[in-house]
Amino acid sequence: MSRPRTAIVIGGGIAGPVTAIALRKAGIEATVFEARPPGTQHNGVMLTLATNGIDALRAIGAEAAALEIGFATPGITLRTHTGKRLGVTPTGSTRPGSTGSRTIRRSDLYRAIHAQAADRGITIEGGRRLVAADDGPEGVCAVFDDGSTAEADILIGADGVHSTVRTLIDPGAPRPAYTGLITTGGYAPATGTATVGGDYEMIFGKRAFFGYATAPDGENWWFVNLPHRPEPGRGEVEAVPGAQWRRTFTQIYRDDAGPALELISATPDFAPMTAIHTVPKLPHWHRGRMIVVGDAAHAPSPTSGQGASLSIEDAVVLALSLRDNDSVSAAFAGFESVRRPRVERIIKAAARINNSKAPGPAGRFLRDLTLPTILRMTADSASNRRVFDHQLDWADDHRTRSGPR
Ligand SMILES: Cc1cc2nc3c(=O)[nH]c(=O)nc-3n(C[C@H](O)[C@H](O)[C@H](O)COP(=O)(O)OP(=O)(O)OC[C@H]3O[C@@H](n4cnc5c(N)ncnc54)[C@H](O)[C@@H]3O)c2cc1C
């Protein structure tokens, strides 16, 4: 399989459009196909784009997508349910002069990335849900749920944590792992409760986790992580009305210091509740002319604050690998060998923190005893620097040295 000239990208979230932008820069024509009908808003509240994600956008000249929206959130103050401060952890690089992390409404980020793609003449076709693909010697043919098809030299699955492309590549691929947590959030009008300098406040509540940050206009952006067993069915928690969750939150946060109840009651509507899944270790990222990127390949828990940033890094590295290698198989193998160790290290670290979000009394005691020391030790640690200071340069050579595996 020689160097590709055209690509089908499945998924118009974060990884998909950014991959198309990076491929265009590498000289490969890409069209993005998104399942949601055109103009549909994406669910979810906010997310934090870390320094490394913004720097990866800069490598392809698309950083305006992040810098012109949201607000800076350089750190997170962690507290116990009594309000005791456990310590502070950075959300991005602490290098002098580096771009700080930004917290952005999810829908604004998707819109801004789509606008960057449109500026480059990239088409994102909404209402096209991939259901099958035929990977042949001359190219790949994607089949959509309306019976339509599209053809290209390669197919890139950027279709998120519940990816279809992942199972087309490997029908035996493991199911996404349920974290035991469900999540929602919202925007509370300015109430007088404010975090300092844009920093997040995150509280290990007695029964559930709560986090918020105050935007420059005083609005409080908040989210909850609730323990929930067993794993809910697809769409099950989404279907529960907001009024019912409001009653649940009143019980769950009744013993916690901090503004959880105040912010929740001031919020008119919540985002639909969703179960949080991860994709910790996928055995096969690619087969033939098809490959997965972003959450479809490796979804960390949201605790990492890295899912979106890693997806953007993937997009850039995949484009560079395809630019610098003579064959699709060498490019895909090179991409995986560069990306897998980094993403799996980050996923593992986030899973450890996730487990401390809803422990029993003994776990709580141990966490509150050890976390301050851990936070002090890791604030400017080599492992944090490896995550946040990761740099991608469009001028780098991404030829695969070990050859196809
Ligand atoms: C509650 C929560 C909070 C988070 N907070 C953060 C954070 O603070 N920082 C951070 O970096 N990350 C965060 N993440 C993770 C982050 O949202 C993901 O890592 C990121 O969205 C992955 O981007 P993606 O493009 O791979 O997938 P997505 O953004 O999920 O996009 C996938 C797209 O593919 C489409 N699609 C699916 N199936 C098909 C199909 N068959 N055909 C066509 N299209 C299809 C979907 O409609 C969707 O638009 C959070 C995640 C959650 C759940």
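Here are some notes:
- Of all residues in region 189-203, those satisfying the criterion of being touching a Leu at 6+ places or on another chain (Cβ under 8 Å) and either surrounded by fewer than 22 Cβ atoms within 10 Å (Cβ to Cβ) or free of Cβ contacts under 8 Å to residues at least 24 places away in the same chain (or both) are 191, 193.
- Close pairs (7 angstrom Cβ cut-off, 6 or more residues apart or separate chains): more than 22 Å from residue 348 (Cα to Cα) in region 159-179, charged (D, E, K, R) and near the ligand (Cβ under 10 Å from one of its atoms) anywhere: 165/159
Residue-wise test of (1) under 30 Å from residue 383 (Cα atoms); (2) loosely packed, with under 14 Cβ neighbours inside 10 Å.
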position	(1), (2)
83	yes, yes
125	no, no
147	no, yes
153	no, no
166	yes, no
169	no, no
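- Hey, residue 149 over 24 Å from the mean Cα position of the chain (by Cα) and within 15 Å of the ligand (Cβ to nearest atom) or not: yes
- Scanning region 133-145 for residues that are within 10 Å of the ligand (Cβ to nearest atom) and surrounded by fewer than 15 Cβ atoms within 10 Å (Cβ to Cβ) gives a single hit, 145.
- Residues within region 89-123 that are modelled with pLDDT of 90 or more and surrounded by fewer than 17 Cβ atoms within 10 Å (Cβ to Cβ), tallied: 9
- Test: residue in region 25-39 that is within 18 Å of the chain's Cα centre (by Cα) and of a type in the set (S, T, N, Q): no
- Here residue 173 qualifies as under 30 Å from residue 291 (Cβ atoms) and away from the ligand (no atom under 12 Å from the Cβ).
- Residue match in region 328-336 (condition: under 30 Å from residue 100 (Cα atoms), charged (D, E, K, R) and more than 14 Å from the ligand (Cβ to nearest atom)): yes
- Taking the numbered list (1) under 26 Å from residue 7 (Cα atoms); (2) part of a helix (DSSP H, G or I); (3) not charged (D, E, K, R) in turn, residue 387 passes all entries but (1).
- Selected residue (criterion: modelled with the lowest pLDDT) from residues of region 254-278 that are among the small types (Gly, Ala, Ser) and assigned to a loop (DSSP other than H, G, I, E, B): 258
- Take the conditions (1) within 13 Å of the ligand (Cβ to nearest atom); (2) modelled with pLDDT of 95 or more; residue 179 misses just one of them, which is (2).
- Among the residues making up region 287-302, those that are more than 7 Å from the ligand (Cβ to nearest atom) and either surrounded by fewer than 23 Cβ atoms within 10 Å (Cβ to Cβ) or basic (Lys, Arg) (or both) are 287, 288, 289.
The values are calculated or read from the model by the stated rules, or taken from the named source; none is laboratory data. Owing to the predicted nature of the structure, the values given are computational and were not obtained by experimental measurement. Because the Cβ atoms are built from the backbone with ideal geometry, glycine has one as well, and the counts that use them run over all protein chains shown.
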